Amino acid sequence: DEYMGLAAIAIDGFSGGVGTIDFSAGDPGPGDPVYLQGYARNTRWMLLQGRIEKRSERMNGQPVYVTSIAYQDGFAGAPVVDGRGRLVGVAAPAERSGAVEVFPVSRVQEFATEVRRLLRPRGATAD
């Protein structure tokens with residue numbers, strides 16, 4: 001996805017060893033606690049806690065949620081989860097705020113649906 005910086009890779013014959021994460025039923029809202037799991041540049045794996053501060057828009061009009069977590073290089077693309085470990089979005093580079101901005105789960109689901117459509121064998125129908 002050119003706006004979220006997400007990519008999907010399909011490897012013929014590869015079928016195991018990849019865990020999945022449940023999606024939240026809806027987008028996060030102001031005040032919701034969130035956790036970012038990722039690597040900042042030159043560090044080890046981190047789990048950071050914060051809150052959704054507000055809904056905003058990127059310069060290209062894409063909706064994002066601004067968090068209270070300070071952005072560090074390397075966070076882009078990291079999963080952002082709620083207190084139950086469900087995906088609420090994907091971290092994006094800070095455009096304006098200096099904080100982690102989150103592409104919401106609804107946008108991630110749209111991306112996943114498009115990937116499934118593109119990877120479906122010709123003539124197959126959706127399940």
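The values are calculated or read from the model by the stated rules, or taken from the named source; none is laboratory data. Here the structure is a predicted model, which is why all the values come from computation and not from measurement. Glycine also receives a Cβ, built like all others from the backbone with ideal geometry; neighbour counts cover every protein chain displayed. For the accessible areas, the whole protein counts, side chains as well, though only heavy atoms, and no ligand, DNA or RNA atoms are used. Shrake-Rupley method; radii C 1.70, N 1.55, O 1.52, S 1.80 Å.
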Completion exercise
Quick calc, Ile21 & Arg58: beta-carbon distance into FRET formula, R0 22 Å, rounding 0.05, result 0.40
Fill in the blank from the handout: Probe 1.4 Å, all chains present, heavy atoms only: Glu95 accessible area in Å², nearest 10, is 70
Fill in the blank from the handout: Residues meeting the amide H criterion for Phe23 (H placed from the backbone, H to H distance under 5 Å, 5 or more places apart or on another chain) are Leu87
Fill in the blank from the handout: Here the convex hull volume per residue of region 61-116, taken over Cα atoms and given in Å³, is 90
Exercise for the section: With θ set to phi - 60°, apply the Karplus curve 6.51 cos²θ - 1.76 cosθ + 1.60 along region 74-89 and write out the HN-Hα couplings as whole Hz, x wherever there is a Gly or Pro. Expected result: x, 7, 4, x, 6, x, 10, 10, 8, x, 9, x, 8, 5, 10, x
Problem - For Ala94, residues with placed amide H under 5 Å, excluding near neighbours - result: Glu101
Exercise for the section: Sort region 36-87 into rounded, prolate or oblate with this rule: let a ≥ b ≥ c be the square roots of the eigenvalues of the Cα gyration tensor; rounded if a/c is under 1.5, and if a/c is not under 1.5, prolate when a/b is larger than b/c, oblate otherwise. Expected result: oblate
Exercise for the section: Give, as a single signed number, the net charge of other residues whose beta carbon lies under 11 Å from the beta carbon of Ala94, with Lys and Arg counted +1 and Asp and Glu -1. Expected result: -1
Handout entry: Highest-first arrangement of 22-33, 82-93, where packing means the average Cβ count within 10 Å
Key = 82-93, 22-33
Problem - Length released on extending from Asp73 to Leu47, taking residue separation times 0.36 nm less the Cα-Cα span - result: 7.9 nm
